[in-house]
Each structure stands twice: as C-alpha cells, then as structure tokens.
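Here the structure is laid out as structure tokens; the discussion comes afterwards.
All of the numbers you see were taken from the coordinates with simple rules; none came from a lab. None of these values were measured; they are calculated from a predicted model. Glycine also receives a Cβ, built like all others from the backbone with ideal geometry; neighbour counts cover every protein chain displayed.
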Amino acid sequence: MSQRDPDRASRKRTGQSLLEVIAATTIIAIALVPALKLMRDSVRIGRQTETANILATFSMSKLEEHLARTAANWKATEDSGPIPNYAGLRYQVTKLDEGLGSGLMRITATAYEDTNRNGKWDNGERNAVFVCKVAKNAAYEQEAS
C-alpha cells in the first residue's frame, strides 16, 4: 500500500505549466518582433542621415576650397577623388568659365555615394551638390596670392 504524505497535499505549486510557458513565450514574441524591426529601421535611417551629412559637409568644403583657388589663378579645371576615411564616397568639382571675357566662373561641387564603384556619379546615386559663381576681380587675386 502506498502511503500519502500529508505535507505534500498542503504544499503550493511552485512551477509553471507548459500551457503558461507557451502563452508567455507567444506574448513576448509578438511584442519582440516589431521592436526589433523598429531598431533595425532606426539604425538604417541613422546611417543614411550620417552619410547625407558627410556628403553635404564635404561638398561645401570643396566648394569653398575651389572658390579660393579660382580667385587666385582663374583656371577652368576639374577635380575628383575619394572622400578620405569614407569608403564608397567620392567628390567631383567642375570649374567652368561662363563665357569668353564674361568674368564669371561657375563652380559645381558634388559629393556622392558611389554605389556601383565606377568612380563617376550616376543617376540614382545619393549626392549633395553646391553651385556658386565667382567674379574675376583684381582685389580677389591680390588677397589670394
């Protein structure tokens, strides 16, 4: 004959049933999936914002650099290359005399994300473009030299 333990009947249950564990796991999974998607999207948007900021800052920096160079030597030239410390980001600067004897030089600075790695800005690649015109002026030339 088996004897019953009188203390065992009076003890409370200390564990969870399988059904309770499955229900808790389901609730956590339902809440966790959207939270992880939100985190992934915020990281992606943060990276895109940082890249756009780098492109705009570098493009403006190159425009200002070439404004000073143009004031000193007044040569229509082109310059391009990679943006230092940022793989896949490049820049291009074009200086174009607006016309023979016009005394205006148009400077276009473009910084872009070279997604296909061909070294040229292609349609569809993210970019930041700044354009400015500078007038030929003897005072500018004296100040720059």
- Say whether the condition of being within 26 Å of the chain's Cα centre (by Cα), surrounded by 14 or more Cβ atoms within 10 Å (Cβ to Cβ) and outside any helix (DSSP H, G or I) is met by at least one residue in region 37-54. no
* Report yes if Ala72 is in contact (Cβ under 8 Å) with a residue 24 or more places away in the chain, farther than 30 Å from Glu143 by Cβ and assigned to a helix (DSSP H, G or I), otherwise no. => no
